Structure formats: structure tokens, C-alpha cells
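Let me begin by presenting the structure, written as C-alpha cells, before commenting on it.
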Amino acid sequence: MAQGSKYKVAFRRRREGKTDYNARIKLVDLDKSRFVVRISNANVIAQIINVGKDGDETIVSAHSKELEKIGWLGGTSNISVAYLTAYLCGKKALDKGVTDVVLDIGLKSPIRGSKIFAALKGASDAGLNIPHGETILPEDNRISGETIAEYAKSLDDEGIKKQFSKYGERGLQVTDLPSHFEEIKNKIDEA
């Protein structure tokens, strides 16, 4: 009788911290399209993915860089961009005939009011049916940038320059962020 180690090496993607196979198998068994949101330090990506015989098949994809082509002047990885990117993805998905999806957040922790759930709200507002509870969603004033604009109004010119210099470089006054957000959302609706 052979004696050996009882230790089992985990799959490579699990060791690298890229895939939670237990959560993935539950999502795959649902036989629904997955709404996948991935947020990096610089960008937001929202995708609708189906499971195929040869692996995952991306049906629709939206990237925060696409918002810049539409005219977005703000950052590309904040809570407003997460909402708008998912809103754009949701509109594209409806054009392809996708209506029911389930959220796939990957290895991110489900923190109430986070960018992931802002993206969920964006896709839901676009018209996708995604099962969720209302308590996890961020407030509308955070998504539209009203809280940032209010904070900026309390600062002097030097403070605004120090904390929001990137907005100025792009040609956007930080106090105009809520109206700019609505403008871009309307452009997505028109397109």
C-alpha cells in the first residue's frame, strides 16, 4: 500500500487568485447569461457572457474608454463610470435580445454601495432583469457625482486644484459633474 501526501495542489487560476471555482460552478449551472463586472485601477469593463462548449462566449462588452469617445471628461474608474459603463452594456445587450442575466462579481467582496453595485444599478436601469436587493445599491447622489460636487463647493480654488486637478486638465469643472453625468447618460440613450 502506497503512502503519499494528502495535499492536493489547487488549480492554477485559483492559486493566482483569479477564479473561485465553487462560485463559478453555481453560476454556470443556472443556465443564464452572466453580467460580469471587472474594475481595475484605471478602467471598468462590463460584459454579458454565456457558457459555451469551448469556453465562455462574450455576447456584449462595454469598456470605460468607450465613454471617452462619447464625450466623458471625468475619470475612467470611479463610481459614476461604473454605472455608465454598465448602462451602455445593458443597452447593447437589449439590442442583442438579452434581457435576463445574473451578476458575476468574481473574487470581489460584496460591499454595499460599491462600484460593482453601481454597475448593477446601471445595467438594471438600462432594462436588464438582474436579481438583487435594493439595499446593496449606492444612492443616486453618489452615482451622479452630486456628493463630489457638493464637497468641491466647500473648498477654495487652491483646494479644488489640489484634489481635482485631473478634472481641470480634461476641461471639466468638478461642480459640473452631475450635469455632465446626465448629458452622457442621454447620449447613450440616443445612440
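Values computed for the structure shown
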| read-out | value |
| --- | --- |
| Lone qualifier among Lys69, Lys26, Lys91 - being outside any loop (DSSP other than H, G, I, E, B), closer than 30 Å to Phe164 by Cβ, of a type outside the set (Phe, Trp, Tyr) and free of Cβ contacts under 8 Å to residues at least 60 places away in the same chain | Lys69 |
| When residues of the range 139-154 are limited to those that are surrounded by 19 or more Cβ atoms within 10 Å (Cβ to Cβ) and either part of a loop (DSSP other than H, G, I, E, B) or free of Cβ contacts under 8 Å to residues at least 60 places away in the same chain (or both), the one farthest from the chain's Cα centre (by Cα) | Ala152 |
| The range 74-109, residues that are within 25 Å of Ala23 (Cα to Cα), of a type in the set (S, T, N, Q) and crowded, with 20+ Cβ neighbours inside 10 Å | Thr85 |
| Test: Ile188 is more than 20 Å from Ile39 (Cα to Cα), touching a residue at least 40 places away in the same chain (Cβ under 8 Å), surrounded by 12 or more Cβ atoms within 10 Å (Cβ to Cβ) and within 18 Å of the chain's Cα centre (by Cα) | yes |
| Residue check, Ala62 among the small types (Gly, Ala, Ser), under 19 Å from Tyr167 (Cα atoms) and free of Cβ contacts under 8 Å to residues at least 40 places away in the same chain | no |
| Filtered residues of the range 112-138 (kept if under 22 Å from Ala62 (Cβ atoms) and part of a loop (DSSP other than H, G, I, E, B)) | Gly113, Ser114, Gly127, Leu128, Ile130, Pro131, His132, Leu137, Pro138 |
| Filter result (among the hydrophobic types (A, V, I, L, M, F, W, C) and either outside any loop (DSSP other than H, G, I, E, B) or closer than 22 Å to Gly122 by Cβ (or both)) within the range 155-191 | Ile160, Leu172, Val174, Leu177, Phe181, Ile184, Ile188, Ala191 |
| Some residue of the range 96-109 being touching a helix residue (DSSP H, G or I) at 6+ places or on another chain (Cβ under 7 Å), in a helix (DSSP H, G or I) and either aliphatic (A, V, I, L, M) or on the phi > 0 side of the Ramachandran plot (or both) | no |
| Search result, residues across the range 46-61 that are surrounded by fewer than 23 Cβ atoms within 10 Å (Cβ to Cβ) and assigned to a strand (DSSP E or B) | Gln47, Ile49, Asn50, Val51, Gly52, Gly55, Asp56, Glu57, Thr58, Ile59, Val60, Ser61 |
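Residues are listed down the side, and each one gets a yes or a no for (1) more than 15 Å from the chain's Cα centre (by Cα); (2) charged (D, E, K, R); (3) surrounded by fewer than 19 Cβ atoms within 10 Å (Cβ to Cβ):
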| residue | (1), (2), (3) |
| --- | --- |
| Ser40 | no, no, yes |
| His63 | no, no, yes |
| Ile111 | no, no, yes |
| Ile116 | no, no, no |
| Lys121 | no, yes, no |
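Rule-based calculations on the coordinates, nothing more; no lab input. Since the structure is predicted, the reported quantities are computational estimates derived from the model, not experimental observations. Quick reminder, even Gly has a Cβ in these numbers, built from the backbone with ideal geometry, and neighbours come from all protein chains shown.
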